[in-house]
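K.L.:
Let me give you the structure first, and then I'll get to my questions.
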Amino acid sequence: MATYNLKYNKDDSVIRHIIIGLLADLNSKLSFFRQISNDERVIVDVPFFYAVSGDDNFIKDNFLFSNVNGPSCDPDGDYANGNYDSVPRGIVNLTSFAVDPSKLVNKRNLGNYSMMNAQGLMEGYVAEFEMIPVVISVDVEILLSSQLDTFKLTEAIVKKMYKANFFHVDAGHLEEGLYRISSEYMMPDDYTQERPIEYGFDSKDNYKITFSLEINTFIPSFDFEEDIYTKYTRSVYATAIVGNYEDPNLVTLDPNELYSGVAEGDIPDPVMYYDNNSTVWTWNNDTTTWILTDSQPQTDTPFTLGLTVDASEFGPLLNTNSQFLRTSARRKNSNRMFAFRSTSDYKEGTPDKDKPVLGDNRDITSSTLPFNE
């Protein structure tokens, strides 16, 4: 299986993708230098994580009693047990989510998206969609180990990220639609710097830089055409295959797999597929495809076009299977709504300067309306 068609429950959460995009953008931009010695200067990267406070199960699964050998209390692992947090690090916490109706645009916009078809291949489609503008507010807290580091990182924020920042994320689900979302946020003008004054034995106070961000983005609401899920059934008999797939080349209907376990001499030659929609197909071993046959099957019970197949004369039933497949009326991205064509013919070798520019001697034709009537 390829890596692009793996599906997870978290794939279709747009808010989660936007937060991940923000973390990746912050992580790739914020860092500062530290002078180790007179001849050595290193760069200190500031990783960013999403806040997991309040999620006790996540903390237990990922930090407590874990070592190189897995979750256990074995002290012989290569890594020490317990929760060790890296410093410096940044923590992002979602505080609010709101729709901004003042930025709402017309619903009748055409947008491109990708979807995995029944054969497991990615295809481009086009559909109407509405961009619903939203504002996501987050609090950012950066933990540091010294006041000098807070000075350096504050300067790095101003130098590298002030003021507008953009990032893009790919969201959606393979079976519904994948699309790209653009987001932007602006760094604030004020940064709060906290430094601990008193320490206790169990104190974990750190030097901190805190500020808030507002991410301006949108959640697309696509007007997908309705997908239809149809139940298909195929039955393998001793002398033929019967089903309702209409075109067996659109599905995985390989006779070598369907007749697995059957002695080589008992496999029919050639293998015939009889469909309930009055078509007959013959398997071609050379091209490994089904070829439409014009003749009717030669059985004692005649196969009457337009009627359901009577498989009583195809021998004993070897196996049968049913599955639900999706059939869609979605418009592919390759379908052009408008076409430009030239109304004048030019002799071969005519230079471009002698040809009319776009709009002169050209017709524009429309095949379908780009919106629902």
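The values are calculated or read from the model by the stated rules, or taken from the named source; none is laboratory data. Quick caveat: nothing in here was measured; it's all calculated off a predicted structure. Here the Cβ positions follow ideal geometry from the backbone for every residue, glycine too, while neighbour counts run over all protein chains shown.
K.L.:
Thr239 versus (1) surrounded by 15 or more Cβ atoms within 10 Å (Cβ to Cβ); (2) under 27 Å from Leu121 (Cα atoms); (3) not charged (D, E, K, R): which is the lone unmet condition?
P.N.:
Condition not satisfied by Thr239: (2).
K.L.:
Now for a separate question. Would you check which residues across region 140-172 are in contact with a strand residue (DSSP E or B) (Cβ under 8 Å, 6 or more places away or on another chain), surrounded by fewer than 13 Cβ atoms within 10 Å (Cβ to Cβ) and among the charged types (D, E, K, R) and list them?
P.N.:
Within region 140-172, Glu155, Lys163, Asp170 qualify.
K.L.:
OK, next. Would you list the strands (runs of 3 or more DSSP E) that sit entirely within region 226-284 and hold 2 or more residues that are at pLDDT below 85 and more than 16 Å from Phe314 (Cβ to Cβ)?
P.N.:
It comes to 227-237.
K.L.:
Going by the conditions given, is Ile43 closer than 26 Å to Ile209 by Cβ, among the aliphatic types (A, V, I, L, M) and loosely packed, with under 15 Cβ neighbours inside 10 Å?
P.N.:
Against the criterion (closer than 26 Å to Ile209 by Cβ, among the aliphatic types (A, V, I, L, M) and loosely packed, with under 15 Cβ neighbours inside 10 Å), Ile43 qualifies.
K.L.:
Follow-up question, since we're still on this one. How many residues, within region 251-272, are touching a residue at least 12 places away in the same chain (Cβ under 8 Å) and closer than 16 Å to Ser322 by Cβ?
P.N.:
Residues meeting the conditions: 3.
K.L.:
Can you tell me which residue in region 100-134 is modelled with the lowest pLDDT, limited to those that are within 19 Å of Asp12 (Cβ to Cβ) and touching a Pro at 6+ places or on another chain (Cβ under 9 Å)?
P.N.:
Gly111
K.L.:
I'd like the residue in region 189-212 that is exposed (fewer than 15 other Cβ atoms within 10 Å of the Cβ), in a loop (DSSP other than H, G, I, E, B) and touching a strand residue (DSSP E or B) at 6+ places or on another chain (Cβ under 8 Å) and, out of all such residues, is modelled with the highest pLDDT.
P.N.:
If we take residues in region 189-212 being exposed (fewer than 15 other Cβ atoms within 10 Å of the Cβ), in a loop (DSSP other than H, G, I, E, B) and touching a strand residue (DSSP E or B) at 6+ places or on another chain (Cβ under 8 Å), then Asp190 is modelled with the highest pLDDT.
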